[in-house]
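Contents: one structure, followed by commentary.
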């Protein structure tokens, strides 16, 4: 990083969160509320499936997902933003959260191999060296533990139809907008076994310029609503603006 570039912690400040998400709290039934609800359900299902209880969220931000999980599991979070961690203490008081940069080093606050599930939603696209970050995430997992992450899906309908107007191009901190095949290769290079790929549905309206948004909802919202209400990752990888990757750390792991 050059001397002219701001520290990353300064980039992800209060202004960034408010400009990007347009809120400083969750409004029930808005798109962010449904998103958090769905991701928390996915995380809970994976923890129960693997018989785990300890979850680490990388890029926990306000801690909204941890807040939904902390009564059922042992919840931990890290974020590069000190502002985000301050908010996490407010919204997820029973979770242990701290500032850390997974692109630079292992989080010193936690022992490697001490988590059953690591979640990183909308994080790795912000990192110039995502392989390093995924390797760090893998190192935090116990053998048999799982990593679950979501990143902008460059093969989605929105990416193909909207071009520069696609949602992922609106955030200047998105420096790693990779193809799904590249994300899968990175995951495997980090020593993990990809178990499943999915997507989050269509929500980046409008998709068709000449058609009113209300008329587009019946066309696009059905698969999204079905996935959200079911609390499962049921959509094919191309059926959503974000790619979801589920990967497992082998029982006899040798993370490079």
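The values are calculated or read from the model by the stated rules, or taken from the named source; none is laboratory data. The shown structure was predicted, so the numbers you read here are calculated from the model rather than taken from an experiment. Reconstructed Cβ throughout: ideal geometry from the backbone, glycine too, with neighbour counts over all protein chains shown.
Yes/no per residue for (1) surrounded by 22 or more Cβ atoms within 10 Å (Cβ to Cβ); (2) modelled with pLDDT of 95 or more; (3) closer than 19 Å to residue 50 by Cα:
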| position | (1), (2), (3) |
| --- | --- |
| 66 | yes, yes, yes |
| 74 | no, yes, yes |
| 93 | no, yes, no |
| 102 | yes, no, no |
| 107 | no, no, no |
| 117 | yes, yes, yes |
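Please go through region 125-153 and give me each residue that is surrounded by fewer than 19 Cβ atoms within 10 Å (Cβ to Cβ) and touching a helix residue (DSSP H, G or I) at 6+ places or on another chain (Cβ under 9 Å), ordered by number. Selection gives 131 alone. The residues in region 235-253 that are in contact with a strand residue (DSSP E or B) (Cβ under 6 Å, 6 or more places away or on another chain), assigned to a loop (DSSP other than H, G, I, E, B) and under 16 Å from residue 183 (Cβ atoms) can be counted, and the count is 1.
Hey, any hits in region 216-226 for a residue that's touching a residue at least 24 places away in the same chain (Cβ under 8 Å), within 30 Å of residue 103 (Cβ to Cβ) and surrounded by 12 or more Cβ atoms within 10 Å (Cβ to Cβ)? The answer is no, given that none of the residues of region 216-226 is touching a residue at least 24 places away in the same chain (Cβ under 8 Å), within 30 Å of residue 103 (Cβ to Cβ) and surrounded by 12 or more Cβ atoms within 10 Å (Cβ to Cβ).
Would you check which residues across region 111-139 are in a loop (DSSP other than H, G, I, E, B) and out of contact with any strand residue (DSSP E or B) (no Cβ under 7 Å at 6 or more places or on another chain) and list them? Before you say what the answer is, go through the steps one by one.
Looking only at region 111-139, we keep the residues that are in a loop (DSSP other than H, G, I, E, B), and these are 111-114, 122-123, 127-129.
Those that are in a loop (DSSP other than H, G, I, E, B) and out of contact with any strand residue (DSSP E or B) (no Cβ under 7 Å at 6 or more places or on another chain): 111, 112, 127, 128, 129.
Have a look at 181, 197, 146, 188 and point out the one that is more than 21 Å from residue 50 (Cβ to Cβ) and either outside any loop (DSSP other than H, G, I, E, B) or at pLDDT 95 or above (or both).
181
Let's see how each residue does on (1) closer than 24 Å to residue 31 by Cβ; (2) touching a strand residue (DSSP E or B) at 6+ places or on another chain (Cβ under 6 Å); (3) surrounded by fewer than 13 Cβ atoms within 10 Å (Cβ to Cβ):
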{"residue": "162", "(1), (2), (3)": "yes, no, no"}
{"residue": "165", "(1), (2), (3)": "yes, no, yes"}
{"residue": "190", "(1), (2), (3)": "no, no, no"}
{"residue": "194", "(1), (2), (3)": "no, yes, no"}
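Quick one: what pairs do we get from region 109-129, first residue more than 20 Å from residue 42 (Cα to Cα), second part of a helix (DSSP H, G or I), C-beta under 6 Å, 6+ apart or different chains? Filtered contacts from region 109-129: 112/139; 127/133.
Of all the listed residues (179, 171, 79), the sole one being closer than 23 Å to residue 241 by Cβ and touching a helix residue (DSSP H, G or I) at 6+ places or on another chain (Cβ under 6 Å) is 79. Within region 167-199, the residues that satisfy the criterion of being over 21 Å from residue 139 (Cβ atoms) and in contact (Cβ under 8 Å) with a residue 60 or more places away in the chain are 167, 168, 171, 173, 180.
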